[in-house]
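> What follows is a structure written as structure tokens; I'll ask about it next.
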Amino acid sequence: MREIRAATVLPARREPIELETGDGLTLVGELALPLDRPPVATLVTLHPLPTHGGFMDSHVYKKAANRLPALADLAVLRFNTRGTSSERGTSEGTFDGGEGERFDVLAALEYAEYNDLPHVWVVGWSFGSELALKWARDPLVEGAILLSPPLHRATDDDLDAWGRFGRPLVALVPEFDDYLRPEEARARFARVPQAEVVGVDGAKHLWVGEPYVRIALNEIVKRVNPGAYPLPVEV
């Protein structure tokens, strides 16, 4: 047995993908699947703010793709929103402050639907959480998990609309977040009857440190494939 560390990459089928948006752009991404069996559920990930360094390889998502296909039988879909670059390449278009990105979110969901990926959950981190709240209220989506939601671009109207949407909503809120901390988050998300706010002691907005990554991944798996919870720390 060896400990799972920050750089651990477990076996999976990893495929480069392209997403075509309704307004004519091609976005680049990757789909990671369990190595020798179908996935039991799917994570469509929406990355942090690209103007502040967010992209499909932002570390929590990279580690999700490196671990969760093997440890939790999950498909992990990551992609660069418009105008965003990573090692995989650059998505066409330009950053649009969360508005044009609606087409990016829909393109990812359409890809999941077309490829019969099961039980789709959207995971949004920071800016990505805003995209989830605003644009992921789609019948395909079974629920959303938000990491460090700032609730800047997403308004009370968006929260009310998610409440009417009725699907689960889980907000993982760091104790020392730069934008929204647990007590305020509980007040803001109270508009969504089915919302659950999980305060994470000691964590910061960027989830730096392996202990906090493990908490985030465990909380995701707990909702999406509870049979695989808790995740092992050794393989």
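The values are calculated or read from the model by the stated rules, or taken from the named source; none is laboratory data. Just so it is clear, the structure is predicted and the values come from calculations on it, not from any experiment. So basically every Cβ, Gly included, is an ideal-geometry build from the backbone, and we count neighbours across all protein chains shown. With ligands, DNA and RNA removed, areas are computed over all heavy atoms of the protein, side chains included. Shrake-Rupley method; radii C 1.70, N 1.55, O 1.52, S 1.80 Å.
> To make sure I understand the rule: partners must be lysines, Cα under 21 Å from the Cα of Lys63, and not fewer than 8 residues away in the same chain. Which ones qualify?
Lys204, Lys222
> I'd like the carbon and sulfur percentage of the solvent accessible area for the chain, probe radius 1.4 Å, heavy atoms only, ligands and nucleic acids excluded.
Of the solvent-accessible surface of the chain, carbon and sulfur hold 50 percent.
> Express as a percent, rounded to the nearest 5, the fraction of DSSP beta bridges in the chain (both residues included) that run antiparallel.
Working: 15 of 41 bridges.
If we restrict to bridges inside the chain, about 35 percent are antiparallel.
> Applying 1/(1 + (r/R0)^6) with R0 = 35 Å to the Cβ-Cβ distance of Val9 and Glu183, what FRET efficiency is obtained, to the nearest 0.05?
On the way: r = 37 Å, r/R0 = 1.07.
So, using R0 = 35 Å, E works out to roughly 0.40.
> A further question follows. Which whole-Hz couplings ³J(HN,Hα) result when phi for each residue of the range 64-75 is put into the Karplus expression 6.51 cos²θ - 1.76 cosθ + 1.60, θ = phi - 60°, listed in order with x for Gly and Pro?
Values per residue, Gly and Pro as x: 4, 5, 6, 10, 6, x, 7, 8, 9, 6, 9, 7 Hz.
> Here is a further query. Give, as a single signed number, the net charge of other residues whose beta carbon lies under 15 Å from the beta carbon of Glu3, with Lys and Arg counted +1 and Asp and Glu -1.
+3
> Suppose R0 equals 25 Å; then what is the FRET efficiency for Arg164 and Asp96 from their Cβ-Cβ distance, rounded to the nearest 0.05?
FRET efficiency, Arg164 to Asp96: 0.45.
> Here are labelled values, (1) 21.7; (2) 11.5; (3) 14.1, and one is the computed mean projected area of the Cα convex hull in nm² for what I pasted. Which one?
(2)
> Related question: Mind putting a number on the dipole of the chain about its Cα centre? Charges go on the C-beta only, +1 for Lys and Arg and -1 for Asp and Glu, and I need it in Debye to the nearest 20. Write down the numbers at each step before the final one.
On the way: 25 positive and 35 negative charges, 129 e Å.
The calculation lands at about 620 debye.
> For the chain, what does the relative contact order come out to in percent, with C-alpha contacts under 8 Å and a separation of six or more?
Worked out over the chain, it gives 18 percent.
> Same structure again: Let me have the relative contact order for the range 155-208, percent, based on Cα pairs under 8 Å that are six or more residues apart. Mind showing how you got there, number by number?
Numbers: 77 pairs, mean separation 23.8, N = 54.
Taking the mean separation of contacting Cα pairs over the length of the range 155-208, I get 44 percent.
> While we're here: Amide H to amide H, which residues 5 or more places from Glu196 or on other chains are under 5 Å from it, using H placed in the peptide plane?
The answer is Leu169, Val170, Ala171.
> Quick one: ranking His52, His152 by accessible area, 1.4 Å probe, largest first, what do you get?
His52, His152
> Next up: Would you mind computing, in nm to one decimal, how far apart the modelled labels at Glu234 and Glu175 are, each placed 7 Å from Cα along Cα→Cβ?
Distance between label points: 2.8 nm.
> Which distance in nm do the two modelled labels at His59 and Glu142 give, with both placed 7 Å along the Cα-to-Cβ direction?
3.0 nm
> How much accessible area per residue does the chain have, counting only protein heavy atoms and a probe of 1.4 Å, in square angstrom?
Computed with neighbouring chains in place, this is 42 Å² per residue.
> Add -39500 (n - 2.57) for each DSSP H run of 4 or more in the chain, then divide by its residues: what number comes out at 222 nm, to the nearest 500 deg cm²/dmol?
Rounded to the nearest 500, it is -9000 deg cm²/dmol.
> If you don't mind, there's one more thing I want to ask. Which of the peptides 25-37, 197-209, 6-18 is most tightly packed, and how do the rest follow, going by the mean number of other Cβ atoms within 10 Å of each residue? Could you put the intermediate results ahead of the total?
Details: 25-37: 18.8, 197-209: 17.0, 6-18: 13.0.
Ranked from most to least packed, the peptides come out as 25-37, 197-209, 6-18.
> Would you pull out the residues with amide H under 5 Å of Leu49's amide H, same chain only if 5 or more places away, H placed 1.01 Å from N?
Gly54, Phe127, Gly128
> Step through the residues of the range 169-179 one at a time and calculate ³J(HN,Hα) from phi using the Karplus curve (6.51 cos²θ - 1.76 cosθ + 1.60, θ = phi - 60°), rounding each to whole Hz and writing x for Gly and Pro.
Each residue of the range 169-179 in turn: 9, 10, 10, 9, 10, x, 4, 10, 4, 6, 10 Hz.
> Also, I was wondering about something else. Taking the Cα-to-Cβ direction at Arg37 and at Met1 and moving 7 Å from each Cα, how far apart do the two end points lie in nm?
2.0 nm
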